Amino acid sequence: MSINAPGPVSDFFKSPLDFCVLIPCYNDEAGLVRSLKSIQYDTDKCAVVVVDDGSDTPVRMDVLKSSVSHLMHIFVIRLPENKGITTALNAGLRWILQNTTAPYIARLDCLDTCHPQRFYKQVAFLNTHTKVGLVGTWCTFTSQRQHLNYTYTTPLWHDEIVKAMHLRNVFIHPTVMFRVDLITKVGFYPSGFPHAEDYAFFWKAVQVAEGSVLGESLVNCAINEKGISISNRRAQLYSRKKAVREFGTHKALKILGVLKLDILLIAPNALLLRLKTLRKK
């Protein structure tokens, strides 16, 4: 693993950070730049940590700095070979813990973009809701190729979120921000849930801290037909079944959740996307 930065990390931060944004990247420098351009926050109060997961052409720091000059603190961690998103995310978490004192970590994926107020609202929420360890937002999913556009809405407060988690992933990964101390309580992203490491991590998080969601769409998530959730959909659904069985807290809801996932395993994904779009109209 190597780090690409303009200077020594120890000399880089002149004032305390409010949070770090963690972005894994694999062969998508253009999508990464698009996401970085959408990040709005006080320039010296946030850092962006990009984990290049062994891209065929390494992410170039000069391209990032020239494209997103409004971001002061950008670090690129280069993994020598592609290890998958769980390894990439955990490499980023370890680096953040070892090199910063930021109290919060936010997530974003390549191609996804943020509302200008997203990070201001999440930081303010966590600052004032001290029992909340994990906060997401509603988001809007779009696919230009399939002409799809729908807003993903969820419960907002902990008790209802935990119930809903049995039936779906309430926290869409690129929308979340969480307290760094959650990692000391629940560990890193678990490796035993292929393509659903986020779902398992969120389940563990809401068992040691409260979870909340901001009830407005603050992230635009691009539906990438070649992305992890699409190309590995069956493996993801099996991992979600495993998570519900292992972490679910309501017996009846666990049964319903597993049944729903069994149905999803045989339903065409294109049909499910179309139904979601129609339901939101």
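The values are calculated or read from the model by the stated rules, or taken from the named source; none is laboratory data. Model, not experiment: these values are computed from the prediction. Because the Cβ atoms are built from the backbone with ideal geometry, glycine has one as well, and the counts that use them run over all protein chains shown.
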Residue count, segment 19-36, condition assigned to a helix (DSSP H, G or I), touching a helix residue (DSSP H, G or I) at 6+ places or on another chain (Cβ under 9 Å) and over 12 Å from THR113 (Cβ atoms), comes to 1
Residue satisfying condition, being outside the structural domain of PRO190 (by TED's automatic domain parsing), of a type in the set (Val, Ile, Thr) and touching a residue at least 12 places away in the same chain (Cβ under 8 Å), within set VAL123, VAL49: VAL49
Tell me which of these THR43 doesn't satisfy, since it passes every other one: (1) β-branched (Val, Ile, Thr); (2) in a loop (DSSP other than H, G, I, E, B); (3) within 28 Å of PHE193 (Cα to Cα). (3)
Residue check for VAL59: in a strand (DSSP E or B) and either of a type in the set (Val, Ile, Thr) or under 25 Å from PHE188 (Cα atoms) (or both): no
Of everything in segment 104-123, what is part of a strand (DSSP E or B) and aliphatic (A, V, I, L, M)? Give them in sequence order. ILE105, ALA106
Can you list the helices (runs of 4 or more DSSP H) found entirely within segment 135-227 that contain at least 3 residues being surrounded by 23 or more Cβ atoms within 10 Å (Cβ to Cβ)? 197-205
Could you identify the single residue in THR154, THR130 that is β-branched (Val, Ile, Thr), in the same structural domain as LEU182 (by TED's automatic domain parsing) and within 25 Å of ASP42 (Cα to Cα)? THR130
From the options SER217, SER231, residue that is at pLDDT 95 or above, of a type in the set (S, T, N, Q) and within 19 Å of ASP112 (Cβ to Cβ): SER217
Of the residues that make up segment 81-95, is at least one crowded, with 19+ Cβ neighbours inside 10 Å, touching a Ser or Thr at 6+ places or on another chain (Cβ under 7 Å), within 23 Å of ALA200 (Cβ to Cβ) and not assigned by TED's automatic domain parsing to the domain that holds GLY187? yes
Out of segment 150-199, which residues are at pLDDT below 95 and under 21 Å from VAL123 (Cα atoms)? THR184
Looking at HIS147 and the list (1) more than 23 Å from LEU237 (Cβ to Cβ); (2) at pLDDT 95 or above, which single condition is not satisfied? (2)
Do we find a residue being in a helix (DSSP H, G or I), at pLDDT below 95 and of a type in the set (S, T, N, Q) anywhere in segment 67-74? yes
